[in-house]
1. Select from region 11-31 the residues that are farther than 16 Å from M1 by Cβ, within 18 Å of the chain's Cα centre (by Cα) and surrounded by 11 or more Cβ atoms within 10 Å (Cβ to Cβ) and list them in ascending order.
2. Do you know which residues across region 47-72 are hydroxyl-bearing (S, T, Y) and farther than 30 Å from V23 by Cα?
3. All but one of (1) touching a helix residue (DSSP H, G or I) at 6+ places or on another chain (Cβ under 8 Å); (2) surrounded by 10 or more Cβ atoms within 10 Å (Cβ to Cβ) hold for V73; which doesn't?
4. Tell me, which residue of region 50-67 that is over 16 Å from the mean Cα position of the chain (by Cα) and surrounded by fewer than 10 Cβ atoms within 10 Å (Cβ to Cβ) is nearest to I27 (Cα to Cα)?
5. Checking G42 against (1) at pLDDT 90 or above; (2) in a loop (DSSP other than H, G, I, E, B); (3) more than 19 Å from C9 (Cα to Cα), which single condition isn't satisfied?
6. Which one of I41, I47, I6 is touching a residue at least 12 places away in the same chain (Cβ under 8 Å) and surrounded by 10 or more Cβ atoms within 10 Å (Cβ to Cβ)?
7. Kindly evaluate V35 against the criterion of being under 13 Å from the mean Cα position of the chain (by Cα) and surrounded by 10 or more Cβ atoms within 10 Å (Cβ to Cβ).
8. Look at G32 and say whether it is free of Cβ contacts under 8 Å to residues at least 24 places away in the same chain and either touching a His at 6+ places or on another chain (Cβ under 7 Å) or within 30 Å of T85 (Cα to Cα) (or both).
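The values are calculated or read from the model by the stated rules, or taken from the named source; none is laboratory data. Owing to the predicted nature of the structure, the values given are computational and were not obtained by experimental measurement. Glycine also receives a Cβ, built like all others from the backbone with ideal geometry; neighbour counts cover every protein chain displayed.
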Amino acid sequence: MNRKIIENCPDSIYTYGDTINTVHTMIKSDLGVSVLPDFVIGEDCEIASVPLSYTEEVVYGLACLRSEVRLEVKHWISTIKELLT
């Protein structure tokens, strides 16, 4: 989605927010718009939600350090993989 937006709106300026609170603050400060999953927009009466018909599949994964050695982390990852794959 990012690639498609950047390719089609090359003159726009892009900034990435690292938290939902940052993105909400930027929107409320009239610094632009954001592309977000609808469930994180919430019930804020100052922010309008515009539904998109974007049908690309979203792929999820787990992230940890490559050097992870803790057995509890490896067990948790194994458990989640069994539940979700």
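1. Across region 11-31, the qualifying residues are I20, T22, H24, T25, M26, I27.
2. Scanning region 47-72 gives a single hit, S67.
3. (1)
4. Within region 50-67, the match that is nearest to I27 (Cα to Cα) is V50.
5. For G42, the exception is condition (1).
6. Every option except I47 fails the conditions.
7. Here the answer is yes, as V35 does meet what is asked.
8. No.
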